[in-house]
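The values are calculated or read from the model by the stated rules, or taken from the named source; none is laboratory data. Model, not experiment: these values are computed from the prediction. Reconstructed Cβ throughout: ideal geometry from the backbone, glycine too, with neighbour counts over all protein chains shown. Surface areas here come from the heavy atoms of the whole protein model, side chains and all, with no ligands, DNA or RNA. Shrake-Rupley method; radii C 1.70, N 1.55, O 1.52, S 1.80 Å.
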Amino acid sequence: MNFTKRTVTCGALTAADVGKTVILNGWVHRDRNHGALHFINLRDRYGITQVVVDDSASEELQKAAAALKMEYCIAVTGVVRKRPDNMINKDMATGEIEVQAQKIEILSKCETLPFMIDEETTANEDLRLKYRFLDLRSGGMQKRIRLRHEFIKAIRDFLCDKDFYEIETPTLIRSTPEGARDFLVPSRKYAGKFYALPQSPQLYKQLLMVSGFDKYFQIARCYRDEDARGDRQLEFTQLDLEMSFVQRDDVLSLMEELFGYVFKRTMNYELPAHFRRIDYFDAMNTYGCDKPDLRFECEIKDLAPIVEKSTFEAYKQILADKGFVKAVVAPATEGFDMTRKYLDSLAEAAKVYGASFVPFIKVGENHALSGSAAKYFTGLEEELCSYLGAKNGDVILMVAHNNWKKCCASAGALRSKLGKDLGLIKPGFAFCWIVDFPLFEYNEEEGHWEAAHHMFSMPQAKFIDTLEQNPGEVRGDLYDMVVNGYECASGSIRIHDVELQKRIFRICNFTDEEAEKKFGFLLNAFKYGPPPHGGIAPGIDRMVMIMSEQSSIKEAIAFPKNSFAVSPMDDCPNDVDQKQLEELHLAIKYPK
RNA sequence: GGGAUCUUGGUGAAGCUGGUUAUCACGCCACCCUGUCACGGUGGAGGCCACGGGUUCGAGCCCCGUAGAUCUCGCCA
């Protein structure tokens, strides 16, 4: 096809180009027609350039300009000229110049838009996804997709400089038990058999270690057939990474260096040389979750010592039953009233995680207490306030539960909501490591232990001899990287010993025969000189979401699915032909 | 599977304790305009207020149901 091909992009021209004849290709972003003077903002991925058609233009050119509508794709031939001094637009990269059009060619027309192409699209998400190709034209989406590209490029540059190999692993793999639900792919050649899409390249990267590729990474697509969330899609991208002959701190240091480099390069943001390391139990007790947002304080305190002395019988009973009582102090905040209604909304947030009610105490002058639970602490006013560091105007919120995790999580929900609502969150990026996770957790429904992380993580040395005696006490060489309250990477030092691996399978209720059948290829490989190894896998989409200060992972993905795992644009998932089903030896049994 | 919130011209919103002609901004169409840059001005078109029932003299508003959306609990090694 013949068209007038661009000689420059819409972001390139400066005062240095004045006098040049240029050709621009792009979309009509804004169109300001003053009759005999007509401005057209022409946009492409690189920027926006102002095109002018004035009364010196031929009648034909003026007509062509008048026919333009928003988002027409056009070619403009013209001469770069400096704008008059008082007409320079300092907010535009190309604001010093404009292009005086000599010829305008319409490359393609555009129907009336379903929504405006702005910096950020305000239309509801369903419509944005249906017209994702238009939504992606917005300034915000363009920036985020660019950031994602630069982020991945910086990762590749950094790791390749460190002698890592980028190696691809299969996306049609065998389905393995445990973990998330697999996406299955039916086999045509083998009736009744299936491939699975990988939840992660976990086993392959371990096998690569056995093969001697001692520094591996991959920008890997992963698939988990679970319900979506704000920060979770069923299809997502990880930086999958593994190294041989390393210990935990080697992996953590590498990540600190990597993210320091990447944040500096892509955002000119300085990260600390080392990220704080927090023991899993400390994180739960202090922040109420294993992915704390460290951009604000508002720490959770154990209230048991004070409650013991109080007359709060309901809570004392919970403590007597080996339960837990925790408190969060909502700091007095200018312009924010702790109304009854707001306190109720806090209680609702905590109840989601198991708290049955949330007593509160308002602190007045000289430790005067009021509120639903104040009466139980008569005589303890000063002690309570100094223990919690509560001052005049603060509100003390309490939660209790027989279950430690639920007590922590309820308090964590309070902390989290207060951080957002009271504006306690400081700008920036707060990285930390959560370390020493328990290796196993008990599955009440199934009635056996299972891996908290996955079955290939190394128990810490001091537990190895006595794993079976009390699996709940065993801590693993596990680590999560957390940023601003999001789990952004998860990793571990792996097991590389056949016997130890078999013991872990047994604790997780796999017989030797089952383990051999399902993981035999890994156990077999471990017979042939496997190196000590470990790794980590940061989530790319989630990092880009956080870096661009978004709260939805969809903002970091070009073509995401909606919350019901549907793509409204191409209407997927969709029906397939009966013939396809027959080739795959499948029959559909519809639910009632 | 559960919970919360929501659904009003193409888009985003307003619409109070139910009251007659459903309001505003952007967009769209027509015309005017020589320095705009989210241009401005004048005029115009465009709505069974998601769908189906119910209460009422009267429903965008109240009640019930259905569908869809967003967030969330469970789930996510």
- request: Find how much the distance from residue A:103 to residue A:118 grows on full extension, using 0.36 nm per residue of separation minus their present alpha carbon separation; answer in nm with one decimal.
  value: 2.7 nm
- line: Note to self, chain A gives a 222 nm [θ] from helices alone (DSSP H runs n ≥ 4, -39500 (n - 2.57) apiece, / all residues, nearest 500) of -8500 deg cm²/dmol
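With a 1.4 Å probe and every protein chain kept in, tell me what percent of the accessible surface of chain A is carbon plus sulfur.
On the way: 14940 of 30110 Å².
Looking at chain A in its full context, I get 50 percent from C and S.
With a ≥ b ≥ c taken as the square roots of the eigenvalues of the C-alpha gyration tensor of region A:296-425, please select rounded if a/c is under 1.5 and otherwise prolate if a/b is larger than b/c or oblate if it is not?
Details: a/c = 1.72, a/b = 1.11, b/c = 1.55.
Oblate, because a/c is 1.5 or more while a/b does not exceed b/c.
Quick check: residue separation of residue A:550 and residue A:334 times 0.36 nm, minus the Cα distance between them. What number comes out in nm? Write out the running numbers ahead of the final one.
Details: separation 216, 0.36 × 216 = 77.76 nm, distance 2.65 nm.
Taking 0.36 nm per residue and subtracting the Cα distance, the gain is 75.1 nm.
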task: Provide the net charge surrounding residue A:455, with neighbours chosen by a C-beta distance below 11 Å and charges set as Lys +1, Arg +1, Asp -1, Glu -1.
output: +3
statement: One finds the C-alpha centres of region A:172-193 and region A:487-558 to be spaced, in Å, by 18 Å
task: Can you quote the Å³ per residue value for the convex hull of the Cα atoms in region A:158-264, rounded to an integer?
output: 135 Å³
- prompt: List the GluC sites (Glu not before Pro) in region A:507-553 that DSSP assigns to loop (not H, G, I, E or B) and whose Cβ has at most 14 other Cβ atoms within 10 Å. Which are they?
  reply: A:549
query: For residue A:302 and residue A:20, what does the FRET efficiency come to when R0 = 51 Å and r is the distance between their Cβ atoms, rounded to the nearest 0.05?
result: 0.10
- request: Grab the Cα-Cα distance for residue A:32 and residue A:405, subtract it from 0.36 nm times how many residues apart they are, and report the gain in nm with one decimal.
  value: 128.3 nm
query: What share of all Cα pairs of chain A, in percent, falls into each consecutive 20 Å distance bin?
result: 16, 39, 33, 12, 1
Neighbour net charge for residue A:167 - beta-carbon separation under 14 angstrom, K R +1, D E -1: -3
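If you keep only loop residues by DSSP, which chymotrypsin sites (Phe, Trp or Tyr not before Pro) in region A:501-592 have at most 11 other Cβ atoms within 10 Å of their Cβ?
Details: sites: A:505, A:510, A:519, A:521, A:526, A:528, A:564; in loops: A:510, A:526, A:528, A:564.
Sites meeting the loop and neighbour criteria: A:528, A:564.
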task: Take the Cα pairs of region A:420-577, get the Kirkwood Rh, then feed it into Stokes-Einstein at 25 °C and 0.890 mPa s and tell me D in µm²/s.
output: 131 µm²/s
field: For chain A, with +1 on Lys and Arg beta carbons and -1 on Asp and Glu, the positive-most of A:169, A:300, A:379 along the dipole
entry: A:169
- line: The relative contact order of region A:311-455, taking Cα pairs under 8 Å that sit 6 or more residues apart, comes to a percentage of 30 percent
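Among DSSP beta bridges whose residues both lie in chain A, state the antiparallel percentage, nearest 5. Please list the in-between numbers first.
Values: 87 of 95 bridges.
So the antiparallel bridges in chain A amount to around 90 percent.
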query: How would A:235, A:270 rank on accessible area, largest to smallest, probe 1.4 Å?
result: A:270, A:235
message: Give me the base-10 log of I(q)/I(0) for region A:15-108 at each q in 0.13, 0.17 Å⁻¹, Debye formula, one uniform scatterer per Cα, rounded to two decimals.
response: -0.37, -0.66
Quarter of the Cα convex hull surface for region A:484-592, i.e. its orientation-mean projected area (nm²): 12.8 nm²
message: Shape verdict for region A:54-132, please, from the Cα gyration tensor: rounded (a/c under 1.5), prolate (a/b greater than b/c) or oblate.
response: oblate
field: Accessible-area value, residue A:60, 1.4 Å probe, nucleic acids and ligands omitted, Å²
entry: 150 Å²
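On average, how much accessible surface per residue is there in region A:15-108, in Å², for a 1.4 Å probe, leaving out ligands, DNA and RNA?
Working: 4770 Å² over 94 residues.
So region A:15-108 comes to 51 Å² accessible per residue, rounded to a whole number.
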query: What lysines could a cross-link reach from residue A:109, if we take a straight Cα to Cα line under 22 Å and drop same-chain neighbours fewer than 8 places away?
result: A:5, A:63, A:69, A:130
